[in-house]
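Asks: Take a look at this one; I'll ask things after.
The values are calculated or read from the model by the stated rules, or taken from the named source; none is laboratory data. All figures in this text were calculated on a predicted structure; none of them were measured in a lab. Cβ sites come from the backbone with ideal geometry, for glycine too, and all protein chains shown count toward neighbours.
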């Protein structure tokens with residue numbers, strides 16, 4: 001309770017307005033007309049030519065081929081007491097706002113991370129998260145799944161963003177991680193005995209199906225949007241294994257049953273083949289990382305329609321930093337094992353026909369660099385159009401928001417970004433986002449923040 005009071009105070013300290021909320025924008029009948037040199041139709045999988053996009057409040061109203069006469073829209077907005085803006089994006093490609101299906105906006109790994117947890121308070125992480133959220137939005141990611149934090153800071157961050165208090169992406173938060181005692185989700189791994197304690201379901205730590213139900217219900221009470229479980233070992237915890245199975249099939253099934261009762265989807269951190277098998281059989285919606293996924297796992301995922309979120313960038317970054325001495329020895333050893341494998345696994349999963357959604361594990365590497373994942377996915381053998389769809393239509397479907405997000409189309413949320421040139425010719429263009437609009441509000445134009 002004390003941690004939550006601290007988070008509430010942190011949110012209050014951050015209550016200076018940074019821009020109009022989406023609701024305010026809609027009420028004023030603000031109209032924006034975007035003139036795009038090209039526009040990516042993510043649903044059809046094709047690049048359109050010159051296109052004009054009419055945005056009314058927080059929604060896309062119309063699309064028109066070519067340029068258009070904007071005067072009628074200017075007059076209409078003025079008559080309704082709203083504003084009008086014409087935005088020309090020459091030699092740029094307009095795309096839907098991007099979706100990162102795996103982020104951790106309340107932390108960012110550094111050399112001091114393992115000791116920071118003994119010095120930093122929840123309020124410190126909450127305040128830093130506002131910086132990371134802004135970076136993510138300006139990189140063109142207008143929506144994220146935040147897959148785990150320590151004190152539900154990402155729920156507070158989500159609420160502050162939704163209220164228009166701070167800028168950031170639309171967040172679907174998993175709140176605290178869920179896993180077993182001593183497993184990847186246990187926040188006290190590596191602690192000396194007198195500090196370790198015995199975390200339980202209220203802390204996301206479960207050891208039975210009954211604990212699983214209590215943990216999910218606690219997440220519902222806390223205001224989470226989905227559940228993140230840890231059925232396998234991980235790279236950056238202080239345990240010795242990155243891939244051992246750490247939850248029973250019965251525990252996973254209990255989490256999924258409870259989660260679905262409450263309208264939650266379930267994401268499963270799983271590196272090891274056996275943990276992946278159990279998670280898929282248990283009914284999870286997505287497998288995160290999947291480093292040691294084998295052919296049998298891929299076949300099972302296809303049969304169950306389970307999504308795969310590869311996070312190649314995190315594996316590569318951790319491998320690099322392990323060689324620079326960032327991590328304790330047992331963590332460094334795991335990072336050097338996983339790093340060289342994770343990209344090849346993603347390529348094999350694509351060739352096998354597994355459903356793939358874009359995700360990066362942001363926070364393992366510095367926030368704002370999310371788009372480098374596109375490069376790694378192309379290097380793994382995925383076509384540029386496909387990788388852009390993983391961050392738009394595919395990720396929207398994983399969120400069950402395919403009617404709202406992932407496409408530039410009439411009636412959808414006005415999440416639009418632009419990059420110079422054509423990303424189908426040069427996927428690195430996705431790392432040079434020049435324009436960002438979320439819910440009809442412009443946050444970046446001409447390559448510069450507008451707030």
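Asks: Residues that are under 24 Å from the mean Cα position of the chain (by Cα) and more than 24 Å from residue 235 (Cβ to Cβ): list the helices (runs of 4 or more DSSP H) wholly contained in region 100-208 that include at least 3 such residues.
Replies: Those helices (runs of 4 or more DSSP H) span 122-138, 153-162.
Asks: Now, a different point. Kindly indicate whether any position in region 240-247 is modelled with pLDDT of 95 or more, crowded, with 23+ Cβ neighbours inside 10 Å and within 27 Å of residue 337 (Cβ to Cβ).
Replies: Yes, region 240-247 contains at least one residue that is modelled with pLDDT of 95 or more, crowded, with 23+ Cβ neighbours inside 10 Å and within 27 Å of residue 337 (Cβ to Cβ).
Asks: Also, I was wondering about something else. For residue 223, work out the one condition from (1) crowded, with 23+ Cβ neighbours inside 10 Å; (2) touching a helix residue (DSSP H, G or I) at 6+ places or on another chain (Cβ under 8 Å); (3) modelled with pLDDT of 95 or more it doesn't fulfil.
Replies: (1)
Asks: Can you name every residue in region 120-132 that is buried (at least 24 other Cβ atoms within 10 Å of the Cβ) and either closer than 14 Å to residue 369 by Cβ or free of Cβ contacts under 8 Å to residues at least 40 places away in the same chain (or both)?
Replies: Those that are buried (at least 24 other Cβ atoms within 10 Å of the Cβ) and either closer than 14 Å to residue 369 by Cβ or free of Cβ contacts under 8 Å to residues at least 40 places away in the same chain (or both): 125, 129.
Asks: Identify, by number, the condition in (1) in contact (Cβ under 8 Å) with a residue 24 or more places away in the chain; (2) over 11 Å from residue 105 (Cβ atoms) that residue 148 doesn't meet.
Replies: It fails just one condition, (2).
Asks: Something else now. So how many residues does region 209-235 have that are closer than 17 Å to residue 149 by Cβ and outside any helix (DSSP H, G or I)?
Replies: Within region 209-235, residues that are closer than 17 Å to residue 149 by Cβ and outside any helix (DSSP H, G or I) number 9.
Matching residues to (1) in the same structural domain as residue 195 (by TED's automatic domain parsing); (2) buried (at least 22 other Cβ atoms within 10 Å of the Cβ):
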position: 66; (1), (2): no, no
position: 70; (1), (2): no, no
position: 87; (1), (2): no, no
position: 105; (1), (2): yes, yes
position: 113; (1), (2): yes, no
position: 116; (1), (2): yes, no
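Asks: Please go through region 383-396 and give me each residue that is farther than 15 Å from residue 101 by Cβ and either surrounded by 22 or more Cβ atoms within 10 Å (Cβ to Cβ) or without any contact (Cβ under 8 Å) to a residue 24 or more places away in the chain (or both), ordered by number.
Replies: 383
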